[in-house]
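A.B. asks: After the C-alpha cells below, expect a handful of questions from me.
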Amino acid sequence: MELFLGNVEEKRHEGVEKYDVIIVGAGPAGLTAGIYAKRSGLTAVILDKKPAGGLASEAPLVENYPGFKSIPGSELANLIEEHAREYVEVREMEGVQDLKIENGAFRVTTEKGEYEGKGVVLATGTTHRVLGIKGEREFYGRGLSYCVTCDGYLFKGGKVAVIGGGNSGAAAALFLKSIGAEPLVIEFMDRYMCEDAYVKKLEEEGIPYLMYRETTEIFGDEKVKGIRIKKRDGSGEETYEVDGVFIYVGLVPQSELARNIGVELTEKGYVKTDVFQRTNVERFYAAGDITGGVAQIVVAAAQGAIAALSAYEDIKLKG
C-alpha cells in the first residue's frame, strides 16, 4: 500500500490531511506512540483537546518512573513531550469531534480540520470522576478543584480536605503539606487505600486519614467553607471547616470515540485490547489509561510503544 507522505506544514488547512497513523491523545501513551511510529517510518500526527502531558502532568511528584528517583509530574511530562516533538507534530487544543471509518480508512474531524489515516492509536486516557454531591458543581473553581498541582498553591496556610485516599489522594495531601497547607484525607473505605510507602509518609507528616466516611456536602458562601461527612458505621455525622477541597475519587475512561465505531469496551467503559494493543476493529489501537488495568505512567508509555509497533507491522509490513 502507498504511504501518505509530504510536508506536514504545507498540508495544514489544505483539504484532508493524510497520515499512516493518527494518534488521539498527547499524554505519555500518545507521545510515546508518536516517537515509535515516526522512528518506524510511519507518517503520524498527535491531536489533543488539551495541553500535552495528560494527567501525568498533574502528579505532584513521581517516584516510580525508571531513571528518576523523584520528579514532578509536570516536569516528566514536559520531557516526554519535548522528546516526542523531535519526531512528530503535536497539535494541542485541537479536540477530535468525530471519528468514522470510510472506504477502509479512518476519517477524523476536529474543529480545525479533517484527517485521514490508515490507522488510529487512541490514547485519550481518563478524566476525573465526580462525587455528584451537593455543592460540588456550585463551588468548582471557588475552593473546589480536581488538580492539586494546578490549584494547591492557593491554599498555603489554609485547611484543606482531600476526598479520596488512594495513591493520588495521598500524594495530593503530601504535596499540600509541603507547601504549607493543613490537609486531611477522607476515605470511603474502612482501610488505607494507598500504598504502604504513602501510609508511612502520611503518618510521618501527621496528616489525618479518616476512614469509612462518606462526604455528603460541600458548603460555603462565595467560596468553600467546609464539608459534611457521614460516618459509614452509622455512628453519626461530622462537619469540618476547610478553605479548600480536592477530589480524588477515581477516573472515568474517555472512550466515546471508540464506542462510536464499534470498538469493544469493558463493562466500565475501558477499551479492550490484546497484548499488542490491537482492538477488535482492524488497525485501531488503544494505549494507556484508556485500556484500564494498571494506571501508571511507565505502563502507558510501554503500551504507546507497542501500539505504534503493531501499527507499523499492520500498515507497512502486511500492507
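The values are calculated or read from the model by the stated rules, or taken from the named source; none is laboratory data. Everything numeric here is computed off the predicted structure, so don't read it as measured data. A quick note on method: Cβ atoms are made from the backbone with ideal geometry, for glycine too, and the neighbour counts reach across all protein chains shown. The accessibility values were calculated without ligands, DNA or RNA, using every heavy atom of the protein model including side chains. Shrake-Rupley method; radii C 1.70, N 1.55, O 1.52, S 1.80 Å.
A.B. asks: Does T239 satisfy the condition of being closer than 30 Å to L154 by Cβ, among the polar types (S, T, N, Q) and touching a Lys or Arg at 6+ places or on another chain (Cβ under 7 Å)?
C.D. replies: yes
A.B. asks: Could you tell me which numbered condition S70 fails, if it satisfies all but one of (1) without any contact (Cβ under 8 Å) to a residue 24 or more places away in the chain; (2) open to solvent by 80 Å² or more (accessible area, probe 1.4 Å)?
C.D. replies: So the condition that S70 fails would be (2).
A.B. asks: What do you reckon, is V271 open to solvent by less than 30 Å² (accessible area, probe 1.4 Å), in contact (Cβ under 8 Å) with a residue 40 or more places away in the chain and more than 19 Å from the chain's Cα centre (by Cα)?
C.D. replies: Spelling it out, it is not the case that V271 is open to solvent by less than 30 Å² (accessible area, probe 1.4 Å), in contact (Cβ under 8 Å) with a residue 40 or more places away in the chain and more than 19 Å from the chain's Cα centre (by Cα).
A.B. asks: A follow-up question, please. Out of everything in region 32-52 that is among the aliphatic types (A, V, I, L, M) and in a helix (DSSP H, G or I), what residue ends up being nearest to Q296 (Cα to Cα)?
C.D. replies: Checking each candidate, the answer is A33.
A.B. asks: Quick one: how many residues across region 152-178 are outside any helix (DSSP H, G or I) and surrounded by 17 or more Cβ atoms within 10 Å (Cβ to Cβ)?
C.D. replies: Here is the first cut: in region 152-178, the ones outside any helix (DSSP H, G or I) are 156-166.
The next check asks that each one be surrounded by 17 or more Cβ atoms within 10 Å (Cβ to Cβ); those that pass are 160-166.
Summing the residues that are outside any helix (DSSP H, G or I) and surrounded by 17 or more Cβ atoms within 10 Å (Cβ to Cβ) in region 152-178 gives 7.
A.B. asks: Tally up the residues in region 274-290 that are charged (D, E, K, R) and buried (at least 24 other Cβ atoms within 10 Å of the Cβ), please.
C.D. replies: Going through region 274-290 one residue at a time, the tally reaches 1.
A.B. asks: Separate question: Identify, by number, the condition in (1) more than 21 Å from E58 (Cβ to Cβ); (2) without any contact (Cβ under 8 Å) to a residue 60 or more places away in the chain that V299 doesn't meet.
C.D. replies: (1)
A.B. asks: Being modelled with pLDDT of 95 or more and part of a helix (DSSP H, G or I) is the filter here, so list the residues in region 1-31 that pass it.
C.D. replies: P28, A29, G30, L31
A.B. asks: Within region 255-290, work out how many residues are among the aliphatic types (A, V, I, L, M) and assigned to a loop (DSSP other than H, G, I, E, B).
C.D. replies: 5
A.B. asks: May I ask you to list the residues in region 124-151 that are out of contact with any Ser or Thr (no Cβ under 8 Å at 6 or more places or on another chain) and closer than 21 Å to P51 by Cα?
C.D. replies: Those that are out of contact with any Ser or Thr (no Cβ under 8 Å at 6 or more places or on another chain) and closer than 21 Å to P51 by Cα: G125, T126, T127, H128, R129, Y140, G141, S145, Y146, C147, V148, C150.
A.B. asks: Does region 111-124 contain any residue that is β-branched (V, I, T) and surrounded by fewer than 22 Cβ atoms within 10 Å (Cβ to Cβ)?
C.D. replies: So the first thing to find is which residues in region 111-124 are β-branched (V, I, T), and the list is 120-121, 124.
Going one step further and asking which of them are surrounded by fewer than 22 Cβ atoms within 10 Å (Cβ to Cβ), we end up with none.
So far as region 111-124 goes, no, none of its residues is β-branched (V, I, T) and surrounded by fewer than 22 Cβ atoms within 10 Å (Cβ to Cβ).
A.B. asks: Turning to a different aspect of this structure: Checking R85 against (1) without any contact (Cβ under 8 Å) to a residue 24 or more places away in the chain; (2) farther than 21 Å from D20 by Cα; (3) not acidic (D, E), which single condition isn't satisfied?
C.D. replies: Here R85 meets the rest and fails (2).
A.B. asks: Are there strands (runs of 3 or more DSSP E) fully within region 57-151 with at least 3 residues that are touching a strand residue (DSSP E or B) at 6+ places or on another chain (Cβ under 9 Å) and modelled with pLDDT of 95 or more? List them.
C.D. replies: By residue number, 89-91, 96-102, 105-110, 114-122.
A.B. asks: Return the only residue of L79, L55, L61 being open to solvent by 30 Å² or more (accessible area, probe 1.4 Å) and within 13 Å of A301 (Cβ to Cβ).
C.D. replies: So the residue among L79, L55, L61 that is open to solvent by 30 Å² or more (accessible area, probe 1.4 Å) and within 13 Å of A301 (Cβ to Cβ) is L79.
A.B. asks: Hey, another quick one. Would it be correct to say that G164 is of a type in the set (G, A, S) and touching a residue at least 40 places away in the same chain (Cβ under 8 Å)?
C.D. replies: Considered against the rule, which asks whether it is of a type in the set (G, A, S) and touching a residue at least 40 places away in the same chain (Cβ under 8 Å), G164 comes out as yes.
A.B. asks: For residues that are of a type in the set (K, R) and more than 22 Å from the chain's Cα centre (by Cα), scanning just region 105-133, find the one that is nearest to N260 (Cα to Cα).
C.D. replies: Residue satisfying both the conditions and the ranking: R107.
A.B. asks: Continuing with the same structure: Being aliphatic (A, V, I, L, M) and open to solvent by 20 Å² or more (accessible area, probe 1.4 Å) is the filter here, so list the residues in region 95-110 that pass it.
C.D. replies: V96, I101
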